[in-house]
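Asker: A single structure is presented below for examination.
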Amino acid sequence: MQTFDGDEYKITTLRNLFEIIEDRHYSTPDYPNPWLFRGHSNHHHNLLPGIGRLLGSPRFKDEAALLKFEKMAFIQFETAVYPELKEQNQFIILAVAHIMG
């Protein structure tokens, strides 16, 4: 992984981020660029989804308990939003659930 340090890569605003992407990392079908912004300046930082941070807590001592809860929460979300969303694809529903928190 290549990291970028220095003021030319310092992101201070959303506009600045878009300028950096457009100037240095824009991807097209003819020129694919695998650039990825992780949202954290330290590339060694371990990114965990919110639900993953619950593992090891008193309620979710092991992965089985957490997975059971995650499946139940997804089913409840899917049931609650289906009448409005009318979506069959579970990946799309999962993306919506992620955005909704």
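The values are calculated or read from the model by the stated rules, or taken from the named source; none is laboratory data. Computed from a predicted structure; not experimentally measured. Methodologically, a virtual Cβ is constructed for each residue, glycine included, from the backbone with ideal geometry; neighbour enumeration extends over all protein chains shown.
Asker: For segment 1-43, how many residues are at pLDDT below 70 and among the hydrophobic types (A, V, I, L, M, F, W, C)?
Answerer: Selection size over segment 1-43: 5.
Asker: Hey, can you tell me all the residues within segment 77-91 that are among the acidic types (Asp, Glu) and part of a helix (DSSP H, G or I)?
Answerer: Residues satisfying the conditions are Glu78, Glu84.
Asker: What's the total number of residues in segment 44-73 that are in contact with a Gly (Cβ under 9 Å, 6 or more places away or on another chain), aliphatic (A, V, I, L, M) and at pLDDT 90 or above?
Answerer: 1
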